[in-house]
Structure formats: C-alpha cells, structure tokens
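The values are calculated or read from the model by the stated rules, or taken from the named source; none is laboratory data. Since this is a predicted model, take the numbers as computed values, not measurements. Quick reminder, even Gly has a Cβ in these numbers, built from the backbone with ideal geometry, and neighbours come from all protein chains shown. Areas reflect the complete protein model, heavy atoms only, side chains present, ligands, DNA and RNA absent. Shrake-Rupley method; radii C 1.70, N 1.55, O 1.52, S 1.80 Å.
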Amino acid sequence: MENKTKRNRREGISTEVFIKFCIAFGFLFIAALMYCYALTGELQTVNGNVLTLKSQMDVFAKQNEQLTAEKEVLQEEVFALNKTMDEKIRQEEEREAELAKSYLPTGFPIKGRASYDEQENILDGNPAVIFHATSGTSVTAAANGTVSCIEEREAMGYLVMIDHDNGYFSVYRNGTKPKVQEGDVVTDTTELFRIEEGYEDLGYQIIENKSYINPLDFMEIHG
C-alpha cells in the first residue's frame, strides 16, 4: 500500500514536471515566434530602406550623368567663348595697332610722281625735303590728324601743320592756297594743296616730340 502510494506520488511529480516543461516550452516557442516575427518586421523595414536607398542612388546616378553632360556642354561653350573672346581681342589689338599706324606720318605726301634733291634738305635751319611735282598734282596729308596751324608767309607762301596726336607733326609748305582750314580733321586722302604752275615745289618736314627729323629717314624706317 505504501509502495503504491509512493509510486503514485512519483507519477504525479513526473506529470507535474512534464506539464511545467510543456508550459515552459510553449512560452519559449511563443517567444521564439514573437522574436521571429519582430525580426521579420525589422528585415522588411531594412529591406524597404535598402530599396529606398537604391532608388535614391539610381536617381542621384541619373542626376550625376545629367550634370556631367551639362558640365561638358558648358565647358565646350566656355571654350568657344574664350576662343571668340581671344579672337575679338586679337582683332581689337590689330585694329588699334592699325589705327595707331594710320596716325604716323610715314606716307608719301604727294599723290603722283615727284622728285627731290638730296642736297636740298634744310628749311628755316631744320631738316626738310623739297619735292618737285608737276602742276595739277595733289598734296595730301601723310597720315590722319588735325590741322593745327595755317600760316601765310611772303617768302615761302603757305604753311600747313598737322597734329597727329601722338607727338608727331607734319609740315607742308607751298605757294598755292591751302584747301583746308585750321581745325579740320584729315586723313591720308585729304587734299591739302593742288600744285599750280609756278609753285611746283613742296617743302615737307616732320616734327617728333618738338624736334625736327629727316622726313626721308622716317619714311624709310616706317613707311
């Protein structure tokens, strides 16, 4: 009887342990399921974030390609603009150089045939060249400038002085009446005198920085 009681007690304890084990296992299983569920949610969230980031990266990649293409276009435009500017600067420098040159009295002051005597090279004690031309020949300005002075002298006729606005003056002496007036703006095509019979000589001088120079030397060097 006592042995039966002990056996029943052991069986009751074993059953109780089994039940407790089952309950504990159940809790563990439920906890595992909940953990798996939570982990799955986290994984889905992470996957969603990864997809979002990938989509953003794709957008950024396309934007970068577009910006790169735009940059190349801008670089080409800048290169073309620089080339155009360089060409304009070069043309402007050439134009300014040509304009400056047009104010140097290096041209021949007579439109037509003329001769001169190398021994006749002084006027009023200053270097000069005396040209001999035929009647009807035009005397023109040697370069662009402004008529700064016109004088009439009994011994030598008329004197016309042109200021070339760069330190140079050219002086023309002839017995015929000038065809220009003081203040006139002239070019190398402006007629200053028309040679007449009896006044076939033209006295020509150049002043550089207030000093007379040999006109022939100046024309040889610069003309």
> With labels modelled as points extended 7 Å from the Cα through the Cβ direction, what inter-label distance (nm, one decimal) is found for Lys210 paired with Leu99?
Replying inline: 2.8 nm
> In the chain, if every C-alpha pair distance is counted and binned at 10 Å from zero, what percent goes to each bin?
Replying inline: 7, 19, 15, 6, 5, 5, 5, 5, 5, 5, 4, 4, 4, 4, 3, 3, 1, 0
> Excluding Glu93 itself, what net charge comes from residues whose Cβ is under 15 Å from its Cβ, given Lys and Arg +1 and Asp and Glu -1?
Replying inline: -2
> With θ set to phi - 60° and the Karplus curve 6.51 cos²θ - 1.76 cosθ + 1.60, what are the ³J(HN,Hα) couplings of region 111-121 in order, to the nearest whole Hz, using x for Gly and Pro?
Replying inline: 8, x, 7, 7, 10, 8, 10, 4, 6, 8, 10
>> Whole-Hz ³J(HN,Hα) for each residue in region 87-102, computed from phi via Karplus 6.51 cos²θ - 1.76 cosθ + 1.60 with θ = phi - 60°, x for glycine and proline: what do you get?
In response: 5, 5, 5, 4, 5, 5, 5, 5, 5, 5, 5, 5, 5, 4, 5, 5
> How much length is gained if the chain between Val46 and Phe21 is pulled fully straight, taking 0.36 nm per residue apart and subtracting their Cα-Cα distance, in nm to one decimal?
Replying inline: 5.4 nm
> Taking amide hydrogens as modeled 1.01 Å from N in the peptide plane, which residues meet the under 5 Å criterion relative to Phe193, leaving out close sequence neighbours?
Replying inline: Val139, Lys179
>> Let me check I've understood the local charge: for Ile130, count other residues with C-beta under 11 angstrom from its C-beta, Lys and Arg +1, Asp and Glu -1. What total comes out?
In response: -4
> Efficiency by 1/(1 + (r/R0)^6): what FRET value for Phe108 and Glu152, r their Cβ-Cβ distance, R0 = 41 Å, to the nearest 0.05?
Replying inline: 0.95
> Using modelled amide H (1.01 Å from N, peptide plane; none on Pro or chain starts), what sits under 5 Å from the amide H of Leu123, excluding residues fewer than 5 places away?
Replying inline: Ala128
> Which value, in Å², gives the accessible area per residue of region 36-174 when a 1.4 Å probe is used on the protein heavy atoms?
Replying inline: 68 Å²
> Mind listing the phi-derived Karplus ³J(HN,Hα) values for region 75-82, rounded to whole Hz, using 6.51, -1.76 and 1.60 with θ = phi - 60°, and x for any glycine or proline?
Replying inline: 4, 5, 5, 5, 4, 5, 5, 4
